[in-house]
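These notes are about the structure you will find just below.
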Amino acid sequence: MPLALWALTLSAFAIGTTEFVIVGLIPTIAASLGVSLPSAGLLVSLYALGVAIGAPVLTALTGRVPRKHLLLGLMALFTVGNLVAWMAPGYDALMAARVLTGLAHGVFFSIGSTIATSLVSKEKAASAIALMFTGLTVALVTGVPLGTWIGQSFGWQSTFLAVSLLGVIAFVGSYFLVPSNIAMSPPASLLTQLAVLRKPRLLLVYAMTTLGYGDTFIAFTYLAPILQEVSGFSAASVSLVMLVYGVSLAFGNIWGGKLADKKGPIKALQIVFALLAAVLLLLTFTASNTWLALGTVLLWGAVAFGNVPGLQVYVVQRAERDAPQAVDVASGLNIAAFNVGIALGAWGGGLIVAHVGLMATPWIGAIVVVGALGLTTLAGWLDRRDGLVQVAGTSRAVGAH
């Protein structure tokens, strides 16, 4: 694999770290800025909203910009966004910084796969994409707990400074290693993307994605307060729990891909959603015990993102039937749907914390998962009605970004 791919992988690592590290720092940020936990949780929603907007809209608007120039511009924007977060004098500035970095994130993963495949021969294309997305997995396993520890030990601002330094390194690596003559595919216009949104069966998949991925963030956004206020973990030990969660998440993503390969996306999603609802409901009863809470978090990580491969495979299968001229656009809009789910989940979790209580987030999240299970079952029934046989797909363990 060419060295340029490692520059993309480092970029993915930095972006993945800044996306999720905020979860472990929410109590610290809330206390530092004098805002409520739900207000701090909005920092997760606004970032995801930036990704959801950036992925389809800015990708379409920058379709004619040379890929290397766009990549460097995105990493510069990402670095500036994290520097603004580091220097943020207050809550409003931090919110603006999160939106900025979210916009960069959305476009990066829209063009990253194209750049990665252009660097290798056709038979190595899938491996190149998998290598780039390894940066996200490593971020969840190491970057997020390390960033949480830095924020707990030296102040949350230090975490954003550390991530901005990663952005600088990724920018320099891309500048020197990524070639300038990257092939460009014809840009997908906003009208093309809007045409995909007129397909009812694809809209059903996007609803499955939004509910099925967003439900986790109703409780996950407030995992650090739950661990500290209910389970009895110290602030310093939250980073260790995030490490446990990240390792479990990595295995769960791989397991979810293998399950979708074996049983097809619909059956795999039904299994994952049922397990996820059970684990979230279990957390309601185990959170008050330190060791039981840790074990439940381990189980939660194993199923939390296990739905990602199945959802991505299924949207491609449906797009090949419903919008064969815009399969890539349909897949990209599913990435936006993942992030709409994160935004709504974190926002809804904040409302629940404010009006019902912190420990209502797991069981309400479980109810939302049941809704996603219902939509998935409906999609399977419609497929059978139409005479379609569910087939397995190549479900590589990659992030929903």
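The values are calculated or read from the model by the stated rules, or taken from the named source; none is laboratory data. Note that the structure is a prediction, hence the values are computed from the model and not measured. Positions of Cβ are backbone-derived with ideal geometry, glycine not excepted, and every protein chain shown enters the neighbour counts. When the accessible area is computed, the model is the full protein with side chains, heavy atoms only, and any ligands, DNA or RNA have been set aside. Shrake-Rupley method; radii C 1.70, N 1.55, O 1.52, S 1.80 Å.
Percent of accessible area on the chain owned by carbon and sulfur, 1.4 Å probe? Before the final figure, lay out the partial values.
Numbers: 10840 of 15450 Å².
The value for the chain is 70 percent carbon and sulfur by accessible area.
Distance distribution note for the range 59-188: the fraction of Cα pairs above 18 angstrom is 59%. Cross-link pairs exceeding 29 Å in C-alpha to C-alpha distance, out of 68/258; 199/267; 68/267; 122/199, comprise 68/258; 68/267; 122/199. A 1.4 Å probe run over the protein chains yields, for the range 118-266, 42 Å² of accessible area per residue, whole-number rounding. Working from Cα pairs under 8 Å separated by at least six residues, relative contact order for the range 119-258 is 47 percent.
Across the range 1-130, how large is the tail of the calculated P(r) beyond 17 Å, expressed as a percent of all Cα pairs? The partial results should precede the final answer.
On the way: 4973 of 8385 pairs.
Beyond 17 Å sits 59 percent of the P(r) for the range 1-130.
In terms of Cα atoms, the Rg and Dmax of the range 195-280 work out to 16.3, 51 Å.
Any idea what the alpha-carbon Rg over 2.2 N^0.38 Å comes to for the range 343-393? Working shown, then result.
Values: Rg = 16.2 Å, N = 51, 2.2 N^0.38 = 9.8 Å.
Ratio of Cα Rg to 2.2 N^0.38 Å: 1.65.
Measuring nothing but alpha carbons in the range 151-253 and taking Rh as the Kirkwood radius, the Rg to Rh ratio lands at 1.11.
Quotient of the Cα radius of gyration of the range 257-317 and 2.2 N^0.38 Å, N being its number of residues: 1.27.
Solvent-accessible surface of the range 11-52, taken per residue with a 1.4 Å probe and all protein chains present: 19 Å².
Which residues make up the longest stretch of the chain clear of trypsin sites (Lys or Arg not before Pro) that lie in a DSSP loop with no more than 10 other Cβ atoms within 10 Å, not counting the sites? Walk me through the numbers before you get to the answer.
Numbers: sites that count: 64, 198.
For trypsin sites (Lys or Arg not before Pro) (loop position, at most 10 other Cβ atoms within 10 Å), the longest site-free span of the chain is 199-401.
Computed over the chain, the percent of Cα pairs more than 30 Å apart is 36. Only one residue of 137, 58, 93 has its Cα farthest out toward the positive end of the dipole of the range 11-147, where Lys and Arg carry +1 and Asp and Glu -1 on Cβ, and that residue is 58. Translational diffusion coefficient, Stokes-Einstein: compute it for the range 313-384 using the Kirkwood radius over C-alpha pairs as Rh, at 25 °C and 0.890 mPa s, and state it as an integer in µm² s⁻¹. After rounding, the answer is 172 µm²/s.
Expressed in whole Å with the largest first, what are the equivalent ellipsoid semi-axes of the range 238-353 derived from the C-alpha gyration tensor as the square root of 5 times each eigenvalue?
The three semi-axes for the range 238-353 are 29, 17, 12 Å.
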